[in-house]
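What follows is a single structure, written as structure tokens, with notes after it.
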Amino acid sequence: MTLITDIRLRRILDSRGNPTVEADVVTESGGFGRAAAPSGASTGEYEAVERPPSEAIAAARERAVPRLVGEVYAGNQRDVDAALHVADGTDDFSEIGANSAVAISMAAAKAGADVLGAPLFQHLGGTFRGDNFPIPLGNVVGGGEHAADATDIQEFLAAPVGAPSVEDAVFANAAVHEAVADLLEERDLPCGKGDEGAWAPSIDDGEAFEIVDEAVSRVRDEVGFEIAFGLDVAGAELYDAESGTYEYSDASRDTAEQIEYIADLVREYDLVYVEDPLDEDDYDAFADLTDEVGDQTLICGDDLFVTNTDRLVEGIDRGAANSILIKPNQIGTLTDAFDAIELATKNGYDSVVSHRSGETEDATIAHLAVATDAPYIKTGAVGGERTAKLNELIRIADDAT
Ligand SMILES: O=C(O)[C@@H](CO)OP(=O)(O)O
Ligand SMILES: [Mg+2]
């Protein structure tokens, strides 16, 4: 164990060209860790607060750095994260910003691993962690808050559930992404990409289902293992609280109709994963849908749970969803993210470790997913800030075998 002796904070670019917080943590024995905060576009109402980076940095320098430097041992992650909470003093990191908090938390974990001379996944997961690798969910077509004039559903996600290795799975998702491009060209639908590198054509959701279904089956035939697909509906973005309806470009659905619509999609396309199909405040609707199709697919809470154990407890009590999205910056520290995963696992909920739409080359989430034996990771299919995580998974698997 070695004391933290220096913390440096700076603004760097994220993948949208916006500023974000990067932290360097240095220890007495020369250990070093660097990490950067990601940033969401379709953020949940109950997430920890991201402050403008310059304000978050100034506040963290004043309040958090003095509580960590010369005070806390890197590698003792619970102490690091407890000090961040005390320094902040609120329950949503609105003083130092969840962006400063998560960058420092992750950088300290990397410094702790460096001191031990261990890879981060091993430092976080310990020597008795499982030796499974997460199935990557790859965003291949999308719209919503991530691209203008594209699909209403935010993400169509390739899910190579039968891949024999993480490497095969990563390449399968990239192949589906390419097959989608071919199909779009065949239909004379050239298009750009959304924030996460998914194709963002001006088509309705029905046509997107046809194209993704076809792309997935083409690649499945090529590679010879099962590839399914799933969705992030980002339901809170479609929901109009005043009218109580989900507003699509070509339809308006009340909650009962939305539940039936999603259940029908699960059956028709054998969807293996459906994230945020309903509004972030509607535990009851999540519970009804989970009752109906939860034995066939994962119903995942992102904006519903925001990686928060209090909200997850509520979901478990009410039977809402059967899976949770884990985004460390939604809650502010690795300790809180670990606690959410542990609670989920104990209660039979699958964890899906996730990137944000605004990302950097930071690959901490790849290590977090392996360390916690998470069955899935959602981190895009192509694009430098996405491949940073996917390639790190391949390296971890290579090192582990
Ligand atoms: O909704 C989501 O799951 C994420 C990541 O795909 O998007 P954002 O980071 O914009 O919240
Ligand atoms: Mg989501």
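The values are calculated or read from the model by the stated rules, or taken from the named source; none is laboratory data. Predicted model, so just to flag it, every value in this text is computed and none were measured. Note: ideal-geometry Cβ built from the backbone for every residue, glycine included; neighbour counts use all protein chains shown. Side chains included, ligands, DNA and RNA excluded: accessible areas come from the protein's heavy atoms. Shrake-Rupley method; radii C 1.70, N 1.55, O 1.52, S 1.80 Å.
Take region 139-148 and flag every residue that is open to solvent by 10 Å² or more (accessible area, probe 1.4 Å) and within 13 Å of residue 193 (Cβ to Cβ). Spell out the reasoning first.
Narrowing region 139-148 to residues open to solvent by 10 Å² or more (accessible area, probe 1.4 Å): 144-148.
Those that are open to solvent by 10 Å² or more (accessible area, probe 1.4 Å) and within 13 Å of residue 193 (Cβ to Cβ): 146, 147, 148.
Quick check on this structure: which one of 149, 168 is touching a residue at least 24 places away in the same chain (Cβ under 8 Å) and out of contact with any helix residue (DSSP H, G or I) (no Cβ under 8 Å at 6 or more places or on another chain)? Full working, then the answer.
Details: 168 fails: out of contact with any helix residue (DSSP H, G or I) (no Cβ under 8 Å at 6 or more places or on another chain).
Step by step, each of 149, 168 is checked, and only 149 is touching a residue at least 24 places away in the same chain (Cβ under 8 Å) and out of contact with any helix residue (DSSP H, G or I) (no Cβ under 8 Å at 6 or more places or on another chain).
When 121, 128 are checked against the criterion of being outside any strand (DSSP E or B), within 22 Å of the chain's Cα centre (by Cα) and not β-branched (Val, Ile, Thr), a single residue qualifies: 121. One residue stands out among those in region 136-148 that are in a loop (DSSP other than H, G, I, E, B) and farther than 14 Å from residue 207 by Cα: the one that is farthest from ligand 1 (Cβ to nearest atom), which is 148.
Of the helices (runs of 4 or more DSSP H) lying entirely inside region 314-375, those containing at least 2 residues that are farther than 22 Å from residue 395 by Cα and open to solvent by 10 Å² or more (accessible area, probe 1.4 Å) span 328-331, 334-346. Close Cβ contacts (under 6 Å, 6 or more residues apart or on different chains) running from residues in region 289-311 that are over 13 Å from residue 236 (Cα atoms) and free of Cβ contacts under 8 Å to residues at least 60 places away in the same chain to residues that are charged (D, E, K, R) and more than 15 Å from ligand 1 (Cβ to nearest atom) comprise 309/339. So which residues in region 240-251 are closer than 19 Å to residue 266 by Cβ and under 25 Å from the mean Cα position of the chain (by Cα), if there are any at all? Result: 246, 248. Looking only at residues in region 359-385 that are under 11 Å from the mean Cα position of the chain (by Cα) and of a type outside the set (A, V, I, L, M), the one that is nearest to ligand 2 (Cβ to nearest atom) is 378. Among the residues making up region 29-62, a single one is of a type in the set (S, T, N, Q) and free of Cβ contacts under 8 Å to residues at least 60 places away in the same chain: 54. I'd like to verify a number: residues in region 374-395 that are under 22 Å from residue 337 (Cβ atoms) and hydroxyl-bearing (Ser, Thr, Tyr), how many? Result for region 374-395: 2.
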